[in-house]
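*Asks:* The structure is given below, and queries will be raised subsequently.
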Amino acid sequence: MKKYIFSVLIALLSLPVIAQQQQSQAKAVLEKTAEAFKKAGGVRADFTLKAVNDGRLEGRENGIIQLKGEKFMLKTSETTTWFDGKTQWSYMVRNDEVNVSNPTQEELQQINPYTFLYMYQKGFSYKLGTVKTYQGKAVWEVILTANDKKQELESITLYVTKSTYEPVYIQLQQRGQQTRNEITVTAYQTGLDYADHVFTFDRKAYPTAEVIDLR
């Protein structure tokens, strides 16, 4: 009995050390992923977005995202969003309407899943998960959790390939909601040369759209 109690005490005392090691390893993975993204130049990712509630599929959407640093263009069948680093234009197909805004960092987190590349630096804690493979690839699983309980985005689960540090799966969980968004990257290209106009709204391409300036 004493031997058993002693073993439990040793295990409990070692938990903070293990947690610290896990956090250090998770940070290293995130840093290498961010560094790989910076070196990649222009990036294009094709993806499938699923809304899942208690294991049930509630919605599915395919799309593409083009990125260069903090700039991005995100397109699905329903919306197209451009962000040039300061101004965001969101075009809604159904309404033939464009909303113009200067989004906050938190708002960007809900639109551009690749903001996780910088989230770990402020406002989120992180640790390694247990998943080792995804779609036949060896991956790191990193779980980021918001430190601020008022933060709408509660957690992010990320799978990154061990060979190239490319994200292949991103799960976003909003606080207080059962439904989560799961993003699977189906194609990933790097080294693309994007002109800056790719990340801005072209009025000539949408001549009938109503522009609503929310700034």
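*Asks:* Given the criteria part of a strand (DSSP E or B) and either open to solvent by 70 Å² or more (accessible area, probe 1.4 Å) or at pLDDT below 90 (or both), does ARG60 qualify?
*Replies:* So ARG60 passes the test.
*Asks:* While we're on this one: Can you pull out the residues in region 196-215 that are surrounded by 15 or more Cβ atoms within 10 Å (Cβ to Cβ) and either in contact with a helix residue (DSSP H, G or I) (Cβ under 6 Å, 6 or more places away or on another chain) or among the aliphatic types (A, V, I, L, M) (or both)?
*Replies:* Passing the criteria: VAL198, ALA209.
*Asks:* Of all residues being polar (S, T, N, Q) and within 14 Å of ALA45 (Cα to Cα) in region 173-195, which is least open to solvent (accessible area, probe 1.4 Å)? Just the residue, please.
*Replies:* Here the answer is THR184.
*Asks:* Looking at region 86-98, which of its residues are in contact (Cβ under 8 Å) with a residue 24 or more places away in the chain, closer than 18 Å to LYS71 by Cβ and surrounded by fewer than 18 Cβ atoms within 10 Å (Cβ to Cβ)?
*Replies:* The answer is THR87, and nothing else.
*Asks:* Among the numbered criteria (1) open to solvent by less than 40 Å² (accessible area, probe 1.4 Å); (2) under 22 Å from THR190 (Cβ atoms); (3) of a type in the set (A, V, I, L, M, F, W, C); (4) not in a helix (DSSP H, G or I), which single criterion is violated by PHE37?
*Replies:* The single condition PHE37 does not satisfy is (4).
*Asks:* Being part of a strand (DSSP E or B) and open to solvent by 30 Å² or more (accessible area, probe 1.4 Å) is the filter here; which residues of region 137-158 pass it?
*Replies:* Correct list: LYS137, ALA138, TRP140, ILE143, THR145, GLU154.
*Asks:* Taking region 8-40 on its own, how many of its residues are modelled with pLDDT of 50 or more and either of a type in the set (Lys, Arg) or farther than 20 Å from LYS162 by Cα (or both)?
*Replies:* 5
*Asks:* Determine whether region 98-117 contains at least one residue that is outside any helix (DSSP H, G or I) and of a type in the set (Phe, Trp, Tyr).
*Replies:* Among the residues of region 98-117, not one is outside any helix (DSSP H, G or I) and of a type in the set (Phe, Trp, Tyr), which makes the answer no.
*Asks:* Being out of contact with any His (no Cβ under 7 Å at 6 or more places or on another chain), surrounded by fewer than 19 Cβ atoms within 10 Å (Cβ to Cβ) and at positive phi: is that true of GLY129 here?
*Replies:* For GLY129, the condition - out of contact with any His (no Cβ under 7 Å at 6 or more places or on another chain), surrounded by fewer than 19 Cβ atoms within 10 Å (Cβ to Cβ) and at positive phi - is not met.
*Asks:* With closer than 23 Å to THR208 by Cβ and under 15 Å from the mean Cα position of the chain (by Cα) as the only criterion, which of MET92, MET73 stands out?
*Replies:* When all the criteria are applied, what remains is MET73.
The values are calculated or read from the model by the stated rules, or taken from the named source; none is laboratory data. Because the structure is a prediction, the values reported are computed rather than measured. Glycine also receives a Cβ, built like all others from the backbone with ideal geometry; neighbour counts cover every protein chain displayed. What goes into the accessible areas is simple: the full protein's heavy atoms, side chains included, and nothing from ligands, DNA or RNA. Shrake-Rupley method; radii C 1.70, N 1.55, O 1.52, S 1.80 Å.
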